[in-house]
Each structure stands twice: as structure tokens, then as C-alpha cells.
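Here is the structure we will look at.
Rule-based calculations on the coordinates, nothing more; no lab input. Predicted model, so just to flag it, every value in this text is computed and none were measured. Backbone-built Cβ (ideal geometry, glycine too); neighbour counts: all protein chains shown.
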Amino acid sequence: MHIVMINVVSGTGGTGRICTDLADLLHASGHRCTVFYGRETVPDRYADLSIRVGGPLGVKTHALLARMTDSAGWHSKTATRHMIRQIEALRPDVIHLHNLHGYYLDCETLFEYLKGAGIPVVWTLHDCWPFTGHCAHYDYRGCTRWQTGCEDCPAKRDYPASLFLDRSKAHYVKKKALFTGVEHLTLAAVSDWMKDQAARSFLKDYPITRIYNGVDRRFFHPDPGDERQVLGIGQRKMFLGLAAPWTKRKGFDFFIRLAGQLREDEVIVMAGLGKDQIARMPKGIIGLERILDPARLARLYSAADVVLNPSFEESFGMVTAEALACGTPVIVQNTTASPEMVDETCGRVLQRGDLEGLRGAVDDLLRQAIPQEACLKRAERFDRERNGQRYLDLYRQCAARKKRSAD
């Protein structure tokens, strides 16, 4: 089989690594894979299988137009048509869609092609953007307008931000018309929560399966290395958080509250901060910029005593899965997909917004001294090989279903 993937990045970030992890598995099984991507730099090892859609100027132009007119996903037509010509030349057996937002392609052009191409399509739902009129996440704001048709969007300034116009109602109608009616399309949700949301959206008539994101345990396994020495932590208890960017929605306030409650033998490490945020960090927090090297990330997870991922919105929770694969317990909030990731054997689940309860949850984990083996056992459900094989099986099923319908 030859699988074509389309995603905003390739080989970097959460969704980019998911694409190239699948590419590795496909190649190991004797198949081929090509990743079309829109932004950022591709690691050298994946350069030969990655093809950029458009270029940096196109992304900047698309982003500017989106901010001015609330039209993310409806530009870059020339780049998208060129990508389609390249896809036609490759003659793939399956097209696997990932994140289509990110200012790099035109969804109208792409879906008009998909509806006529007759090629089986798998679409992994990494967030909620495919079935809303604007936003990628809505739970934090408690918005349910996506269930009936978006309008008067409360998240207009959230990614993909619009500075002036609110076209959420028109885009909801447009997405519903475009994204439904693709003959051979199967949805893959990255969590049970995500599956439930899609099942209540205008995508509900498509077959949908849950496939957790895969963690590459070649990188993510217990190995603290010398991170404590590098950071000057020594024997202090280390509480780790990772996000990019860090916002209130990602649980930023939890870390600021905990910093004021630290004991002398404790320290917080936050990775993914901007330079201005690092300069303003209170005493007790070591601030790091975004880390792209998975080996370094794994050492940080392994060096921590507790990983904190108090995000209000997670369609999956890659930080949680990677931390567990490194043998470190995790604290999450009882929101969206986060409670699926941990249980009492490997972490704690806070009630939504319970800043006061964070200190108690940390102390509870430190007292209990959760064994590394419990975290590793929980991480098995997020194993790259295990979940990648489910995608390979899905590709085969989609290709076979298309063949049967043609016969």
C-alpha cells in the first residue's frame, strides 16, 4: 500500500511525530508513505518522505487573511491544487488526513477533490476544529453552539484567531456541506471523549473508531540521564509541566499557585515557555523554552517526581502518555479526555479548576511513592506499535472495502 498523509507538520510536535511514527511502521511492513505538510522544519531522517504544501510566504499570507477576515482554512488554493496534482501522480491507496488547519491549505479545494477521487480517506480527529465554525476547542468556555450551528462565537480571538469578523455561522454551514458526503471516509478519534464529541456532530454518519495516539517507546522510557545536574536541581523534588504555548487553558495558573506553596526541597520545571514568560517566572520555577528533541523530553519526564498536566482541554493528552511511558505519575483535571489517561494506580485526577487540591494531590503521590511499573503498565495502551498496527489494519479495511464496492 501507499498511504498519503496530510498534516500541518511532519516529524515535529505531537501530530507531526504521530505521522512519521506511522510512516516508520508502514515502511517496516513493506508499505510506502508520503507526508504533505504545511509548516516548520522536517527532521533530516524524514526529509525524503515529506513534501511541503506551498511555502512560508503562503502561510504568512493565509494567517494574515484569517486574522483579518476569520477565514482560516479557506486560502492557499494554488498550493492545494499543486498538492492534489502531486497526490494524483502518487496514486495512493488511502489518504490519511490529520490537522487541516494551520494556514497552509484550502479545505474547499481539497474536499471537492476527495469527493470525486474515489480514494478511501481516514481522518484522525486530533481536535474539534473539523465540526465547529471556528475553534479547535470549546469545553473550557462551556460552549455547545457547535451542536446546533455556530454563531456569535465566544472564541473568536482564540486560535485560529480573528481580530475583527465573526464568520463562524457561515463556516459551520460550509464545513458541514464540504466535510459530509465523502463516500469512503472513516473517522479515527484519538480518545473516547473525542469519539463521543464527533458522534454528536454533523460528522456522526461516518464510521468512527477510537485509536489512541502512539508513544514511541524507543525514546520515551525511563532514563533521567543527567537532567537534574544540567538544571541544578540536585536531590530536590521535581514537578514538571510541558505545554506550547502556556496559557490559562493549559493550566498555567496551577503552576503559579503551586510555586507559592513549594517547600525548600521542591522545585517546578516548566518547558515550552516564551522568553518573556521565563523572565517573569516566580521563585521556585525553572523556565525552559520549547523542547523538540524527544530524547531530551524523555529525560525530563524521567527525572521528574511528578508530572503535572492540569490542562482544561485535551483531546488526548500526549504529555500524560509520554510521562507514563517514562515511569512518572501524572496529575490531570477531570475534564475532556484527561481522565481516560490515568487512574489511581499511576496518578491523580483533580476536580475541574481545583487549584487548592493540587498541593494535596502532589503530597499524596509523594507519600504513596507509586511504583514505576504501574505507570509503565498504564502506558501500554498508548504504545506506538500497538496503536500503529490498528491504523495499518484500518488502512487495509478501507482499501478492501473500496475494492469490494468497485467490484
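Numerical summary
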| quantity | calculated |
| --- | --- |
| Charge dipole (the chain, unit charges on Cβ, about Cα centre) - positive-most of Tyr140, Met1, Tyr46 | Met1 |
| Centroid-to-centroid separation of segment 148-190 and segment 37-86 [C-alpha atoms, Å] | 19 Å |
| Mean projected area (nm²) of the alpha-carbon convex hull when the chain is viewed from all directions | 19.3 nm² |
| Kyte-Doolittle mean at least -0.5, axial Cα span of 18 Å or more - DSSP H helices of the chain | 13-28, 56-69, 77-90, 355-368 |
| Lys pairs, segment 227-381 - Cα-Cα below 24 angstrom, 8 or more residues apart or on other chains | 8 |
| The chain - charge dipole about Cα centre, Lys and Arg +1 at Cβ, Asp and Glu -1, debye rounded to 20 | 940 debye |
| Size-normalised alpha-carbon gyration radius of segment 109-158, reference 2.2 N^0.38 Å | 1.42 |
| Local net charge near Val230, Cβ-Cβ under 15 Å (Lys/Arg +1, Asp/Glu -1) | -1 |
| Order of Asp293, Asp276 under a 10 Å beta carbon neighbour criterion, fewest first | Asp276, Asp293 |
| Positive dipole terminus of segment 227-381, leading residue within Val269, Met318, Ile370 (C-beta point charges) | Val269 |
| Relative contact order %, the chain, counting alpha carbon pairs below 8 Å whose residues are six or more apart | 13 percent |
